[in-house]
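Enquirer: Supplied in structure tokens, the structure appears directly below.
The values are calculated or read from the model by the stated rules, or taken from the named source; none is laboratory data. Please read all numbers here as calculations on a predicted model, not as lab measurements. All Cβ positions, glycine included, derive from the backbone under ideal geometry; neighbour counts span all protein chains shown. Heavy atoms of the whole protein, side chains included, go into the accessibility calculation; ligands, DNA and RNA do not. Shrake-Rupley method; radii C 1.70, N 1.55, O 1.52, S 1.80 Å.
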Amino acid sequence: MASHSPELASAVQLEQTPVEVKRYQRQKLIASIGSLVVSLAALIVLALWVGPRLDQLVRHWLGDNPWLRLVVLAGSYAAGLELLTLPFDFWSGFVLEHRYQLSNLTLRGWVWRRIKGYLVGGPIGLVLLVGLYTLFWFAGDLWWVWAAAGWLAVSLLLGQLLPVAILPLFYKVTRLDDSPLLERLRHVAEGTGLNVEGVYRLQLSTETRKANAALAGLGRTRRVLLSDTLLDQFTPEEIEVVFAHEVGHHVHRHLPKVVAYSVVLAGMGLWLVNLLLQQSAGALGYVGTEQIPAYKDPAALPLLLLVLSLFGLLLMPAKNAVSRFFERQCDRYALERTGMPGAYRSAFVKLARMNKADPDPNPLEVWFFDDHPPIRERLAMADALGSVERDAVR
């Protein structure tokens, strides 16, 4: 009986997509859509009916102080939306992950991770909201321009802090100390301006059996993160290809581009908020105060959130299309930089198997939800480039 290479065996396994993978991805999609629908429905109810009435109650107990009302209303809405979507998050992030043998988290661990998310994200969100309303109230008619500039500053700051201050709160991050592997990766990064000393091991195995890699940080904190699940189960050649993909993000300057267009979109969204709130806040029952008009009043916060959410939802297909374009650029870069289409194929087949990724998702799902190309498409690129190289050699 003829023997088969691991790469060929993995490719065959991908061709025969298990039914459980389709079921897993379908159930994850249902949870995402359910959470999205519930969130939007709740924001509509809050913006059109509940908002003015809840604000009247808050004013009755706390008076007209706009800062205090803003904090209380924001906390109430955040807590309410979180409680509504928590069942979907628990089912998707805990129940399904355990059902399909992907999670290593205990229930206690999942709850603690969630609490840490609140403790980190809550204060950051509150600071951003207070900053936004400060500009809303004191920066004049062009407040949205200043807010977009402020978002640029926040993006740059968080980009610097994410890998060194925020990520280590959730995962253990250590410098990669595998000398032979570092030498291999140093060769890939040579001439790109990316310091290979910034390659780090991200300990995901305490939570999941999935594998992942990412380019994170801006400026001096920029680094490549490789999960321990990937480092422990992939061959050096496969790790090299995955690393080259992340180097591609650096070479094509994707992080600065993402920051730039996120600032432009933030400005557009806030301009839309300014326009729509002026036209609709009064008609919906928001009254404001002598100092603050109705559309700038904290009571209209759910209306502001609704407009931003709908704006983001409409832009989601375009943003995901840009992300998929960036990923294709990095795939091509990895293939051309390493010249190892076989290792590329086996790495992405292994990733699909470990993460239970559907290689052939529905095109509508890809168009609306997916920020990475389907695995089958990525393998087809490797095959096409390999064919071109073989023809060139001939």
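Enquirer: Tell me the per residue accessible area of the range 272-360 using a 1.4 Å probe; a whole number in Å² is fine.
Expert: Result: 41 Å² of accessible area for each residue.
Enquirer: Return the tail of the calculated pair distribution for the range 302-351, meaning the percent of Cα-Cα pairs more than 15 Å apart.
Expert: Distances greater than 15 Å cover 63 percent of the Cα pairs.
Enquirer: Which trypsin sites (Lys or Arg not before Pro) does the range 157-192 hold that lie in a coil by DSSP with at most 14 other beta carbons within 10 Å?
Expert: K172
Enquirer: Rounded to the nearest percent, how much of the accessible area of the chain (1.4 Å probe, protein heavy atoms only) is carbon and sulfur?
Expert: Summing carbon and sulfur atoms, their accessible area is 64 percent of the total for the chain.
Enquirer: What net charge is computed for the residues neighbouring A300, neighbours being all others with C-beta under 14 Å from the C-beta of A300, Lys and Arg scored +1, Asp and Glu -1?
Expert: Residues close to A300 contribute a combined charge of +2.
Enquirer: Viscosity 0.890 mPa s, temperature 25 °C: Stokes-Einstein D of the range 313-392 from its Kirkwood Cα radius, in µm² per second?
Expert: 183
Enquirer: Let me ask another. For a protection proxy built on the mean count of beta-carbon atoms within 10 angstrom, sort 243-252, 155-164 highest first, please.
Expert: My ranking of the peptides, most packed first, is 243-252, 155-164.
Enquirer: Another one. Any chance you could get the radius of gyration and Dmax over the Cα atoms of the range 7-154, in Å?
Expert: In Å, with Rg to one decimal and Dmax whole: 21.3, 70.
Enquirer: What full-extension length gain, to one decimal in nm, is calculated for R328 and I30 as 0.36 nm per residue of separation minus the Cα-Cα distance?
Expert: 104.6 nm
Enquirer: Go ahead and collect, in residue order, the members of the range 150-184 whose backbone nitrogen is under 17 Å from a label point 7 Å along the Cα-Cβ direction of K116.
Expert: Answer for the range 150-184: 162-175.
Enquirer: Still on this model: Once the Cα gyration tensor of the range 276-363 is diagonalised, what are the square roots of 5 times its eigenvalues, in whole Å and ordered largest first, as equivalent ellipsoid semi-axes?
Expert: Each semi-axis is √(5λ); the values are 50, 14, 10 Å.
Enquirer: Treat the chain as a sphere of radius equal to its Kirkwood radius over Cα pairs and apply Stokes-Einstein at 20 °C in a medium of 1.002 mPa s; give the translational diffusion coefficient in µm²/s, rounded to a whole number.
Expert: Translational diffusion coefficient: 91 µm²/s.
Enquirer: Moving to a separate point now. So if each residue of separation counts as 0.36 nm, and I subtract the Cα-Cα distance between A153 and R99, what length gain in nm does that give?
Expert: 15.3 nm
Enquirer: Taking springs between alpha-carbon atoms closer than 10 angstrom, which of L204, L40, L83 fluctuates most in the Gaussian network model of the chain?
Expert: Maximum among the listed residues: L83.
Enquirer: Another question, then. Report the equivalent ellipsoid semi-axes for the range 208-319 in whole Å, largest first, defined as the square roots of five times the eigenvalues of the gyration tensor built from alpha carbon atoms.
Expert: Gyration-tensor ellipsoid for the range 208-319: 45, 15, 12 Å.
Enquirer: In nm, what is the difference between 0.36 nm times the number of residues separating T289 and H372 and their Cα-Cα distance?
Expert: So the chain would gain 25.2 nm between T289 and H372.
Enquirer: Further question on the same structure: Any of K116/K356; K172/K257; K22/K257 with alpha carbons more than 30 Å apart? Name them for me.
Expert: Going by Cα-Cα distance, K22/K257 fall outside the 30 Å limit.
Enquirer: Near L119, within a Cβ-to-Cβ distance under 14 Å, what is the net charge of the other residues, with Lys and Arg +1 and Asp and Glu -1?
Expert: Taking every Cβ under 14 Å from that of L119, the sum is +2.
Enquirer: In terms of solvent-accessible area of protein heavy atoms at a 1.4 angstrom probe, what is the ranking of L152, L315, highest value first?
Expert: Final ranking, largest accessible area leading: L152, L315.
Enquirer: Also, I was wondering about something else. Leaving out ligands and nucleic acids, note down the accessible area per residue over the range 193-241 with a 1.4 angstrom probe, in whole Å².
Expert: 40
Enquirer: What is the angle, in °, between the Cα long axis of helix 143-161 and the longest principal axis of the Cα atoms in the chain? Nearest 10 is fine, range 0 to 90.
Expert: Approximately 40 degrees, to the nearest 10.
Enquirer: For the range 119-260, count the residues as N, evaluate 2.2 N^0.38 Å, and divide the Cα radius of gyration by that value, please.
Expert: My calculation over the Cα atoms of the range 119-260 gives 1.26.
Enquirer: Any idea what angle helix 107-138 forms with the longest principal axis of the chain, computed on alpha-carbon atoms, 0 to 90 degrees, nearest 10?
Expert: Orientation of helix 107-138: about 50 degrees from the principal axis.
Enquirer: If you don't mind, there's one more thing I want to ask. Build a GNM of the chain with springs between Cα atoms under 10 Å: which of A189, A139, A213 gets the top mean-square fluctuation?
Expert: It is A139.
Enquirer: Most mobile of W144, W91, W112 per a Gaussian network model of the chain (Cα springs, under 10 Å)?
Expert: With Cα springs under 10 Å in the chain, the top fluctuation among W144, W91, W112 is at W112.
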